[in-house]
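Novice: Below is one structure. I have some questions about it.
A short reminder: the numbers here are calculations on the coordinates, not readings from a lab. As the structure is a computational prediction, the values presented were derived from the model and not from experiment. Every residue, glycine as well, gets a Cβ built from its backbone with ideal geometry; the counts of neighbours run over all protein chains shown.
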Ligand code: ARG
Ligand code: ZN
């Protein structure tokens, strides 16, 4: 009998597989409840393994029907087959062919892993460990095989049959109402990249010619009738394919590239070879149903999955500890793509907001883990902001350290050396060390040490000598399992802003000009002396957010206002305003908690007014500057003894003050930015809309009826979802009749459109009112809501738990209890989504004592329940640990 692998799994226990699989032939006969899977695996002993070994294959909820070896049925005494594994204790000594038939029930598959049904269509999700829910297999990414897949189905139920690779044959099954298609993928791949689709789907198509002249047919498959919403995704795919050729010299390698949108999907999308399967939220868009942000996300996710074809598929991961090898790198690539398609500074600001809002929070709590974890109990819980977003920052730092040319040389070497293989982080970094001639030994700590480094910077300016000394100390805080840390390599891009506002090139004493402005920190404390200064300069630290660190610098508010007006680095211009606002907000939170009245600061409003008056700035950037730190940002900066109610009050007061003080300017801008041209999702138009909508929101912040009326009018007159949704968002923050009217209208208008109703669920779940918990509870009974659909769950429950700081963290603990109740119900059906929702508790220790005790009690109650999934148990136990 095969026993359940003893978890936790450790990186240090990695062993090469005993058996390799050269080819896989699958024959899948689709049936709603009794799908038959015949698998023919050409196996051979791994020459690198220790010697003759039993064959142990993974399985998960499989019904075995028959097992054969080299064409002969195997007697039952010669193997053990259970739902979760197949073992042949004494397999043939040399290569052999294993034939196994299993039965699975796609309709009963509520975990949405393996083969399942979504809106009646068949689809698959195999990453990370879903292939074992289709057939017995060595389900690990270092086993790469060439797949041929025959898919058979009822002609009416599934007229469209798609697989990995290229289509090779299709036909009818004589004497039946069934047909089949055969697909062949010539590129060896790990089983997590396997996919098939069968269903009634309509396609939007186009052709693409690669840089070497290969003709590729592109198609985006959607629910029939929604083809008109697939056009933007298809265009984004073409742009992605062209960009990867130009930016990385990477070309597509099959005759077809298919994308399928499905309504029930655990994550965003999946990069299966030649057959990407997407959450329909990241495909479907029209001006009336999708916001500018939706269009941007679609472009980014389409690109991300496409880029995986080289970073993930052609070169995959040796084991799941190396997940950031493909994810961090591919996020970096999609960020660069979006930066090239849109505004680089605005994209950087948006990405850093996400990084701080998710990854820094994760890194500061009980779920903190290194970019490359060293142990896991459930790999699905490691598809995290740390692996993805911090993983991307680490790649970005490599580029910053090496410079663009040596970085590109490292990438080229990586592609050349590891194509067709399953690689490790060491092998990846070695390519940059070699091609870039750099010692990256200390740099590897970025993969191994969790926690966000904290820098303290103090200045000494010597007017006589014309020097500025920067004393920089770094500390990496302790994280679970890592009480002490070593200093990291930190590429800190430095600018010096002279008295006239122009940049002064930094020259380091004893070294000369600082190449590309990159100061490289390597020690716990060090001093950099910048010389040859024409006068007093203000340092602009970590330009472009060159390293994912927290910085405490001795810059006063005068310095920050100076940078806000003059810094040539747009990121730091934005950052200066954020820092100013953050200092005011944190001060006011303390005042509020002490029972005092909030302090009003004219300096910030001045800085904002200066930015608003600077006509050279792009609107999208100005919109970012006007968006003050979120409740989550403030909580994170405070770090301990957090009172979400006081944070909300302080933030609300500041928004009112800005709205009042800048009302005339905001109103003029609002009117001037009105766009009468037909909607277009391009970045420039989107930027103007974003600034206009930020103006509206700030104008309404003080709650004047005139501004509420303006929002209500915009809601009613909007000809696109961006403006309609923005107006509704503004209205949602004000307990008025207009709010309820608009919400009712929206529900009625978009009744037939689940993805749009998700926006309606999410918005209501985020209302910072005492009545919201009851509203969300009511909405769980709404006919459009379903615990079976991950998008609905994330929209309603995820928004409440992750984005409504005051109401999830109600002082009476009712928010915690409600979410825990929903999570435990969901756990029986979809553990992955349940576990993800539970991560909303990850900052519980940073709360003030009353809420902290309530959160702990809730976590302990969940932990004590019998039969939690491995996914949920892992999150709950680590959260309490
Ligand atoms: N590889 C996918 C991506 O593009 C994510 C799939 C994760 N799926 C899962 N069940 N953990 O990022
Ligand atoms: Zn990915």
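Novice: Based on alpha-carbon centroids, what's the gap between segment 467-515 and segment 200-218 in Å, whole number please?
Specialist: Rounded to whole Å, the Cα centres lie 48 Å apart.
Novice: Mind pulling the angle between the C-alpha long axis of helix 754-765 and the longest principal axis of the chain? Nearest 10 degrees, somewhere in 0 to 90.
Specialist: Orientation of helix 754-765: about 40 degrees from the principal axis.
Novice: Using 0.36 nm times the number of residues separating residue 606 and residue 713, minus their current alpha carbon distance, what extension gain do you get?
Specialist: Contour length minus the Cα-Cα distance gives 35.5 nm.
Novice: Any idea what angle helix 391-402 forms with the longest principal axis of the chain, computed on alpha-carbon atoms, 0 to 90 degrees, nearest 10?
Specialist: Here the helix axis deviates by roughly 70 degrees.
Novice: Simple spin-label model, 7 Å along Cα-to-Cβ: residue 782 to residue 214 in nm?
Specialist: Roughly 4.5 nm, to one decimal.
Novice: Can you give the helix-only mean residue ellipticity at 222 nm for the chain, where every DSSP H stretch with n ≥ 4 adds -39500 (n - 2.57) and the sum goes over all residues, rounded to the nearest 500 deg cm²/dmol?
Specialist: -11500 deg cm²/dmol
Novice: So how do 849-860, 511-522 stack up, highest first, on mean other-Cβ count within 10 Å?
Specialist: Per-residue mean Cβ counts within 10 Å order the peptides as 849-860, 511-522.
Novice: Expressed as a fraction of 2.2 N^0.38 Å, the rule-of-thumb size for a compact globular protein of N residues, what is the C-alpha radius of gyration of the chain? Please list the in-between numbers first.
Specialist: Numbers: Rg = 28.0 Å, N = 881, 2.2 N^0.38 = 28.9 Å.
Normalised Cα radius of gyration, the chain: 0.97.
Novice: Now for a separate question. Counting just the Cα atoms, what span does segment 372-526 cover along each of its three principal axes? Round to the nearest Å and put the largest first.
Specialist: In descending order, the Cα extents are 59, 37, 26 Å.
Novice: Note down the nm distance, to one decimal, between modelled labels 7 Å out along Cα→Cβ at residue 672 and at residue 417.
Specialist: With each label placed 7 Å out from Cα toward Cβ, I get 5.4 nm.
Novice: At R0 = 25 Å, how high is the FRET efficiency between residue 245 and residue 438 if r is their beta carbon distance? Nearest 0.05 is fine. If you can, show how the numbers build up before the last one.
Specialist: Details: r = 27 Å, r/R0 = 1.09.
FRET efficiency, residue 245 to residue 438: 0.35.
Novice: Still on this structure, I have one more. Taking R0 as 60 Å, what's the FRET efficiency between residue 340 and residue 155 from their Cβ-Cβ distance, rounded to 0.05?
Specialist: My answer for the efficiency is 0.85.
Novice: Measure nothing but the geometry: give the 0 to 90° angle between the long axis through the Cα atoms of 849-863 and the longest principal axis through the Cα atoms of the chain, rounded to 10°.
Specialist: Around 0 degrees separate the two axes.
Novice: Restricting to segment 225-357, what percent of DSSP beta bridges are antiparallel, rounded to 5?
Specialist: Numbers: 2 of 8 bridges.
Percentage antiparallel, nearest 5: 25.
Novice: For residue 529 and residue 462 in one chain, what is 0.36 nm times their gap in residues minus the Cα-Cα distance, to one decimal in nm? Present the calculation step by step, with values, prior to reporting the outcome.
Specialist: On the way: separation 67, 0.36 × 67 = 24.12 nm, distance 1.03 nm.
Difference between extended and current length: 23.1 nm.
Novice: Based on the mean of other beta carbon atoms within 10 Å per residue, what is the order of 326-337, 647-658, most packed first?
Specialist: The peptides rank, most packed first, as 326-337, 647-658.
Novice: To continue, here is another question. Quick check: Cα centre of segment 609-648 to Cα centre of segment 22-51, how many Å?
Specialist: 54 Å
Novice: By per-residue mean of other Cβ atoms within 10 Å, what is the highest-first order of 441-449, 626-634?
Specialist: For the peptides 441-449, 626-634, the packing ranking is 626-634, 441-449.
Novice: Report the Cα centroid-to-centroid distance between segment 399-447 and segment 728-749 in angstrom, as an integer.
Specialist: That distance is 52 Å.
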